[in-house]
1. Test A:Gly5 against the criterion of being out of contact with any helix residue (DSSP H, G or I) (no Cβ under 7 Å at 6 or more places or on another chain), surrounded by 13 or more Cβ atoms within 10 Å (Cβ to Cβ) and under 23 Å from B:Cys156 (Cβ atoms), and give yes or no.
2. Among the candidates B:Ala177, B:Ala152, single out the residue that is at the interface with chain A (Cβ under 10 Å from one of its Cβ atoms), in a helix (DSSP H, G or I) and surrounded by 12 or more Cβ atoms within 10 Å (Cβ to Cβ).
3. Restricting segment A:8-33 to residues that are among the hydrophobic types (A, V, I, L, M, F, W, C) and more than 13 Å from chain B (Cβ to nearest Cβ), which is surrounded by the most Cβ atoms within 10 Å (Cβ to Cβ)?
4. Need pairs with beta-carbon distance below 6 Å; first residue closer than 14 Å to A:Ala33 by Cβ and within segment A:53-71, second among the aromatic types (Phe, Trp, Tyr); sequence gap 6+ or separate chains.
Amino acid sequence: MIGGGIPVSRVLQLFLLARHSGKKQPSEWAAAAWELLSSQGQSLIKGGKTLETLEQNIAELTTQAQVFAEK
Amino acid sequence: MLTVNLTPAFVRSAGCDHPHRRVDYFETEWLPVGGAFVGCKTFYQGYNDTRGRLKQCKLSAAEILTVEQARETGREIVAAALLGADPQARVDLRAVLTLPEFVQERYLPSNSSWPIQLGKGQSLPLLWQTLFVLTAGSDLYPVQDAEAVKAAQSRCKKLNAYLCQRARDGGEITFLASP
């Protein structure tokens, strides 16, 4: 027996992976997640629109990572 | 056959002197179209089954339903019988453990801090539905006792590490394990 399941998005799972690998700051989690996503040709979608630039993606990931870190 | 006008006052004052003696009071002389009656303070509803035979269906103890509620329930039973349904099947459904009974008999004995006042007439299927909705909305989580949590922690960590690694390849699994 393990327990239950809680919903955790892929991005948050990537943050956890980065933290597990020793990265401590949310900005580092965001950078690691973006490195992986961009290498796969993927971008974030916010408000129904794809974030086109590196800056937009990094900023959104950093925001999500900071929120996640505060939980 | 005693035909009476069933009123709350009459039901309150209706005698039940002998535990094995039943006295029936009919609200209408033609029972199948609607009379609820009380014998030892229990409401019944008469109806004709699909073969035209006169049947009666127990509604509830008079302490639980009001006269008007008994009439309303009785009307539903007669309507169902007219459409060919078996009103006794309804009685079987009502025999399902209600939410208050479930909480009182199964839940409270092991959980003394249950904070919610539960209403009458809430059925077990309703409880499941409520639990599904609350769980889906992340307002409620299933939990284990402390020992089970402790035993499951290392397995959870391993599984979550694997799932997070899987997240590198795609986002198919959007859940992690929680002990």
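Where a number appears in this text, it was derived from the coordinates with a stated rule and is not lab data. Here the structure is a predicted model, which means the values were calculated and not measured. Using ideal geometry, Cβ is built from the backbone for each residue, glycine included, and neighbour counts are taken over all protein chains shown.
1. The answer is yes for A:Gly5.
2. So the residue among B:Ala177, B:Ala152 that is at the interface with chain A (Cβ under 10 Å from one of its Cβ atoms), in a helix (DSSP H, G or I) and surrounded by 12 or more Cβ atoms within 10 Å (Cβ to Cβ) is B:Ala152.
3. The extreme case among them is A:Ala30.
4. Close Cβ pairs (under 6 Å, with a partner that is among the aromatic types (Phe, Trp, Tyr)) amount to A:Asn57/A:Trp34; A:Ile58/A:Trp34; A:Leu61/A:Trp34; A:Ala65/A:Phe15; A:Ala65/A:Trp29; A:Phe68/A:Phe15.
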